[in-house]
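So the structure is just underneath, and the comments pick up after that.
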Amino acid sequence: MRIVLLGAPGAGKGTQSQRLVERLGIPQISTGDLLRSAVARGSELGRQAREAMEGGRLVDDSLVLGMIRERLGERDARRGFILDGFPRNLAQAHALERLLEQLRQPLDAVVQLEVDYRELVRRISGRRTCADCGRVFNLLTSPPAASASQLCPKTGAPHRLVQRPDDNEATVAERLRVYDEKTRPLVDFYRARGLLRVIDAQAEVGEVTRRLYQALGVRMARKARPAKAARRSPRRAAHKGAARPKAANRRAAPRRKPARPASRASASRTSRAKPRTRVPQRPRRKR
Ligand code: AP5
């Protein structure tokens with residue numbers, strides 16, 4: 001699938017792209033991430049982009065288009081892609097259309113994530129990124145858990161949270177203004193081409209994912225289910241030598257009540273309990 005995610009800063013484009021990557025196995029192409037990594041590397045492109053990014057303005061079209069052309073030409077993009085944060089204005093949208101025509105890879109859908117202004121500001125102010133693995137958190141809605149299961153996969157230590165330099169109040173106001181002026185017109189551009197789907201993205205992350213999948217006609221991934229034999233009777237399955245259900249499935253098996261410590265009286269009751277009766281085997285018939 002070839003998808004564009006449109007939406008204001010903080011609408012959840014990056015968050016939902018990640019989920020689509022996992023579900024569809026196609027790459028996320030985020031011009032913001034590509035530019036930030038160029039800035040971090042100190043490349044010529046990064047040097048030219050830095051000032052505009054810090055001011056909340058759009059980076060020059062020629063720089064961004066060169067980057068996109070190169071990225072869409074890579075092998076993994078042949079199976080499809082999710083464009084996150086591109087295109088950002090009409091000139092970029094026209095250039096993308098021409099490029100995809102040349103590549104014979106037209107877009108399948110453009111999804112606009114709608115979130116109101118106050119919520120956008122709230123989300124951006126709480127956003128933090130792990131400086132080591134790049135995972136995005138939110139201090140208000142999805143902070144990293146304190147448990148050991150949420151250690152940074154790169155360092156094995158707790159995530160080192162940093163705030164994006166353009167997530168400060170003044171820059172956010174400018175980014176939102178630029179969005180309204182330059183990017184919002186793309187809604188009509190793609191509507192006219194019959195590609196647009198709009199979803200209300202002001203809901204809990206999982207619910208937004210459900211709406212997004214519905215808009216794209218993608219089925220939600222099924223939860224893992226225990227093996228058939230284990231579903232019928234976990235004990236019988238074990239007896240039959242069936243493979244142990246995976247951890248997730250084990251949780252799904254019915255729980256037994258924890259055994260009470262036996263009092264003497266109950267212990268003696270237990271010892272007097274009826275002995276287990278054995279079902280006599282039926283003698284085999286001789287032929
Ligand atoms: P870019 O990196 O593209 O930033 P952006 O468009 O401003 O978008 P954000 O990354 O801020 O938000 P998002 O929608 O991805 O939200 P996220 O999922 O992170 O661009 C940065 C700069 O680069 C631009 O200003 C420009 O200078 C330059 N640039 C980039 N592309 C360009 C282009 N094509 N042309 C020219 N210049 C370009 O979510 C935000 C937070 O909310 C997170 O903390 C997340 O955990 C949380 N969250 C997400 N969903 C939910 C939810 N449903 N409920 C509660 N919290 C949520």
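Throughout, read-outs are computed from the coordinates displayed, never taken from laboratory work. Given the structure is predicted, the values throughout are model-derived calculations rather than measurements. Cβ atoms come from the backbone with ideal geometry, glycine included; neighbour counts cover every protein chain shown.
Are there GluC sites (Glu not before Pro) in segment 154-220 that DSSP marks as loop and that have at most 15 other Cβ atoms within 10 Å, and which are they?
204
Arrange the following residues from fewest to most other Cβ atoms within 10 Å of their Cβ: 104, 191. Don't skip to the answer; put the middle values down first.
Details: 104 6, 191 14.
Neighbour counts put them in this order, fewest first: 104, 191.
Kindly give Rg over Rh for segment 81-186, based on alpha-carbon atoms, with the Kirkwood expression for the hydrodynamic radius.
1.07
From the gyration tensor of the Cα coordinates in segment 1-140, what semi-axes in whole Å does the equivalent ellipsoid have, largest first, with each one equal to sqrt(5λ)?
23, 19, 15
Could you tell me the calculated FRET efficiency between residue 44 and residue 173, based on Cβ-Cβ distance and R0 = 35 angstrom, to the nearest 0.05?
Working: r = 30 Å, r/R0 = 0.84.
That gives a FRET efficiency of 0.75.
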